[in-house]
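Have a look at the structure below before the remarks.
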Amino acid sequence: MTSRKKSRMSMLDSLAAAGASAPAMTAQASSMMSSNRALRSARDAVDSHRVWDLEPHQIEDTRVNDRLDPNDILDLREAIEANGQTVPILVRRHPTEPDRYLLVYGRRRLEAIRNSDKVTKVRALVANLDDDAAVRAQISENMARRDLSFIEKALFAQELVENGFGNQSQVAEVLTVTKSAVSMAIAIAETITPELIRAIGPAQGIGRPRWDALAKAIAETNPSRDRLIAIAEDVYKTFTIEAVTEGSNADPADPSVLAFEAVFKAVAPAPEPKAAKPAKRSSSRAQALTVGGRKRGATLRRTAKGVSLELASGDFADWLEAEAQTLIDDLHARWQQQAEDHNAQ
């Protein structure tokens, strides 16, 4: 790097430190910074090439919450205390308050450091983003790290619309889904209610059809949401107790999935018992015949297709086979004569 460039970067660092992040920044200096385009450009240039060490209390988190599972803060805090904060969070400067920042993404890292007695500074990148770009950056970062579950997307979409980020079409574009999918997801979230959804949790693996079924069951039965929330909370309590008592051998099941199943069971109507099907009557009837005084010497069987005669092999069977046509003719003639006699009466 040339001496001129070094001098320029040093000047920018000094400018940003004195005019942007120093606690003693005056209102006059803040006004000058916000009204002078050249100074703002210089400040943004500094932001783009360095990682800042900020006080946690300088950062406000006003974002729409897109996560329902904040319970792993403790593990993250221990990791940061042991190894340091390896990945900076992203913030943007507060539009009206000097020495203040708005969180773009990195909520878990920020909360972990806020709850730490060992780590006092938050490593952060400062970006020049408006509200729309900040939300898009939040979504992009979180969805790249772990896919949001269906209900997380549904609740997120609902809150984006309610907070004025955009209409359903604009939200659909950000979430890379169709407008109809956003409309359906918001309808499901509104029926179940955000409070119950947060009590259940992300429920990874539970897709739209089952959440839709839960919403329809709630709409039909109109149960107490407080009772359902209590059911979900009891699942988490039981899961925590079992995890503590069983140690590392505890079942690694997702408690939010268990909470969903418990709530669904509480509201979904029990399936009606299926009526027992009447036993099918056999269409086949068999009649044992006596042949030459020997019982069951032959079997006459009637089926849907007709009548068959089963005769044990032997001389009589051979004779019957040879005389079959004559016997059939005789029998048919006898049947006709009986029919004629019957009609004549």
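Taking (1) under 32 Å from the mean Cα position of the chain (by Cα); (2) closer than 23 Å to Gly166 by Cβ; (3) without any contact (Cβ under 8 Å) to a residue 12 or more places away in the chain in turn, Thr86 satisfies each apart from (2).
Is it true that some residue in region 246-263 is at pLDDT 75 or above and either over 59 Å from the mean Cα position of the chain (by Cα) or of a type in the set (Lys, Arg) (or both)? First the steps, then the outcome.
So in region 246-263, the residues at pLDDT 75 or above come out as 253-263.
Pick out the ones that are also either over 59 Å from the mean Cα position of the chain (by Cα) or of a type in the set (Lys, Arg) (or both) and you get none.
Checked region 246-263: no residue is at pLDDT 75 or above and either over 59 Å from the mean Cα position of the chain (by Cα) or of a type in the set (Lys, Arg) (or both).
Per-residue answers, yes or no, for (1) part of a loop (DSSP other than H, G, I, E, B); (2) touching a helix residue (DSSP H, G or I) at 6+ places or on another chain (Cβ under 9 Å); (3) modelled with pLDDT of 85 or more; (4) within 25 Å of Arg208 (Cα to Cα):
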{"residue": "Ser116", "(1), (2), (3), (4)": "yes, yes, yes, no"}
{"residue": "Ala137", "(1), (2), (3), (4)": "no, no, no, no"}
{"residue": "Met143", "(1), (2), (3), (4)": "no, yes, no, yes"}
{"residue": "Ala154", "(1), (2), (3), (4)": "no, yes, yes, yes"}
{"residue": "Phe165", "(1), (2), (3), (4)": "yes, yes, no, yes"}
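In the set (1) at pLDDT below 90; (2) surrounded by 11 or more Cβ atoms within 10 Å (Cβ to Cβ); (3) aliphatic (A, V, I, L, M); (4) under 26 Å from Thr191 (Cβ atoms), the condition left unmet by Ala270 is number (2).
Residue-wise test of (1) touching a residue at least 40 places away in the same chain (Cβ under 8 Å); (2) crowded, with 19+ Cβ neighbours inside 10 Å.
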position	(1), (2)
Val161	no, no
Val182	no, yes
Thr191	no, no
Gln204	yes, no
Lys216	no, no
Arg225	no, no
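Yes/no per residue for (1) assigned to a helix (DSSP H, G or I); (2) surrounded by 10 or more Cβ atoms within 10 Å (Cβ to Cβ); (3) touching a residue at least 60 places away in the same chain (Cβ under 8 Å):
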site: Lys295; (1), (2), (3): no, no, no
site: Arg301; (1), (2), (3): no, yes, no
site: Val307; (1), (2), (3): no, yes, no
site: Glu310; (1), (2), (3): no, yes, no
site: Ser313; (1), (2), (3): no, no, no
site: Phe316; (1), (2), (3): yes, yes, no
site: Trp319; (1), (2), (3): yes, yes, no
site: Arg334; (1), (2), (3): yes, yes, no
site: Asp341; (1), (2), (3): yes, no, no
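Considering Ala185, Ala217, which residue is part of a helix (DSSP H, G or I) and more than 16 Å from the chain's Cα centre (by Cα)? Result of the check over Ala185, Ala217: Ala217.
The values are calculated or read from the model by the stated rules, or taken from the named source; none is laboratory data. A quick note: this is a predicted structure, and the numbers were derived from the prediction, not measured. Cβ atoms come from the backbone with ideal geometry, glycine included; neighbour counts cover every protein chain shown.
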